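Report on one structure; see the data block that follows.
Bear in mind that the values in this text are calculations on the coordinates, not laboratory data. All values reported here derive from a predicted model rather than from experimental measurement. Neighbour counts run over all protein chains shown; Cβ positions are idealised from the backbone, glycine included.
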Amino acid sequence: MVGAAGPGGEEPKPYFFLSYAHTPKNHPKDRDPNVWVERFYRDLSAHVLALTSLPAGVPAGFMDQQMQPGEGWQERLSEALAYCRVFVPLYSPRYFLSEQCGREWFVFSQRAAHHQARSNSGSPVNGIVPALWVPVPTRQLPQPAERLQFNHATFGDDYADEGFYGLIKLRYLRDQYERAVYLLAKRIVSVAEQTLIADGDPHQNYGAMPSAFGPPGAPRELQVSVLACCRTDRPEDRGEDCYGTHARDWNPFHPRSSRPLADHAVDLARNLDYVVRVREFETDPKQLLIDDGAPPEAPALLLLDRWALDRPDRRELVRRIYAQDRPWVSVMDPWNREDPESPSRESELRRLTDAALTPPAGVRGGHRSAGMTTLEAFSRELPIAVRAASRGYAEHAPTYPPAGQHQRLPKVLPSGVGYGAGVPVQRTADTDESQGNAEPAEDSTT
């Protein structure tokens, strides 16, 4: 196995990216508690180096304590997430309350989704190997983590019960610690060899990325509706390459993308901690065309094929979305200019679409994302469209989530440190410019 480097060979790729939540000090004079994570990281990196043929200068892993004071941390994180081969989230209750950890997870997952869209393989692409710092009950996991269904007991029952923090702190479990770290390293190497994920964009705006973890509470729902042609009802001057048997088979970025746009949108929305349902708008328009004053069931995205608006009846369906206030519906109408059939109809279809999506005077239309010309542009815009639909839904829907559904994690930990919207966040090592690098002392706990 050969280590890889960034563009032009300038920056070596880290083999794995360790994503973890910083633990704050109880008292300013206390030793930095995160030195135990650093100890674990060094042990894991040593095993990965031993199990691979990484050449000199290629780092086995990346963790943010490696960054120097004054270094552009967002740029360094973006580069590491764009080039790493495996993403290793270090689970703890604090991890799933961290905005930064959620952002790291989303950036890597988005990269995997893009790779999946461009590959012809039907098998899912992941590249995430979770590790337990402190065990977290399954019911408290957000959807992106719950879907991994990783059996931690394969690294040992003591590890599954205590996590790496318990193994490293308790002397009598030191052998189990060494075994679990070694098995995790083997798993990382195995996944890296079997899952080759294409590089991401190292220059993306990391600070603008959303978190993969939604607010504490019941799982959030999102409705994705598709209004598009299929092979049997497309315009006469439109080829069939971008279409299938059903509207949801629409793939406007063919041949660069091998997947329907709805499937790609579902992957991205799931990475934002949503439970997603997909419908074809023409056969089931009720969710978007509520006319009886009833509250909406969920925020919604409408994926709109402009070619479908060649038919007047479809234009009328779209017009009805903006005829009344429906701010819980975001419309996304991409337009692939690389499609050879696009130039001849672009102006006409844009005019028809604009007319259908212009609300009457005094009516507040929903969010619209128009003219996304690449799959990457669509992916960048989707979180914005989802956020706008969710805001509109919160304004019009009844109390959500329904009473009785399980809660995931509190917004305030027992220590008093808060995370999430509206909760003051105690300054921790997440925002410090530098980290302590002291070697942890042996713990005498038995």
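Residue ranges 301-308, 236-243, 225-232, 100-107 sort as 301-308, 100-107, 225-232, 236-243 when ordered by packing (mean number of other C-beta atoms within 10 Å per residue, highest first).
Between Arg311 and Ala208, the simple spin-label model (points 7 angstrom out along Cα→Cβ) gives 3.6 nm. The simple spin-label model puts a point 7 Å past each Cα toward its Cβ; for Arg350 and Thr373 those points are separated by 1.0 nm.
Checking the a/c ratio against 1.5 first, then a/b against b/c, what shape does the Cα gyration tensor give for the stretch 7-208? Rounded is the answer for the stretch 7-208, as its axis ratio a/c remains below 1.5.
Would the stretch 243-309 count as rounded, prolate or oblate if I go by the C-alpha gyration tensor, calling it rounded below 1.5 in a/c and otherwise prolate when a/b exceeds b/c, oblate otherwise? The shape class here is oblate.
Rounded to the nearest whole Hz, the Karplus-based 3J(HN,Hα) values (6.51 cos²θ - 1.76 cosθ + 1.60, θ = phi - 60°) of the stretch 14-20 follow the sequence x, 5, 9, 10, 8, 9, 8, with x at glycine and proline. In this rough spin-label picture, where each label sits 7 Å from Cα along the Cβ direction, the Glu338-Ser258 distance is 1.5 nm. Scattering from the stretch 288-397 was approximated by placing one identical point on each alpha carbon and applying the Debye formula without solvent; log10 I(q)/I(0) at 0.20 1/Å stands at -1.07. For the stretch 262-279, backbone phi angles converted through the Karplus equation (6.51, -1.76, 1.60; θ = phi - 60°) give residue-by-residue couplings of 5, 5, 5, 4, 4, 4, 5, 5, 5, 6, 9, 6, 10, 8, 10, 10, 10, 9 Hz, Gly and Pro being listed as x.
Amide H to amide H, with H built 1.01 Å from N, Arg368 comes under 5 Å of Val331, counting only residues 5 or more places away or on other chains. A simple charge model with +1 on the Cβ of Lys and Arg, -1 on the Cβ of Asp and Glu and nothing else charged puts the dipole of the stretch 7-208 at about 320 debye relative to its Cα centre.
Given a Förster distance of 56 angstrom, what is the FRET efficiency for Thr283 paired with Asp161, based on the Cβ-Cβ distance and rounded to 0.05? Computed FRET efficiency for Thr283 and Asp161: 0.70. The string of couplings for the stretch 186-191 from the Karplus curve (6.51, -1.76, 1.60, θ = phi - 60°) is 4, 5, 4, 5, 4, 5 Hz, one whole number per residue in order, with x for Gly and Pro.
Remark: the Cα gyration tensor places the stretch 206-329 in the oblate category, a/c being 1.5 or greater and a/b not exceeding b/c. For Glu280, nonlocal amide neighbours, meaning residues 5 or more places apart or on other chains whose placed amide H falls under 5 Å from its own, are Val226. Full extension of the chain between Asn151 and Gln194 yields a length gain of 13.6 nm, computed as 0.36 nm times the residue separation minus the alpha carbon distance.
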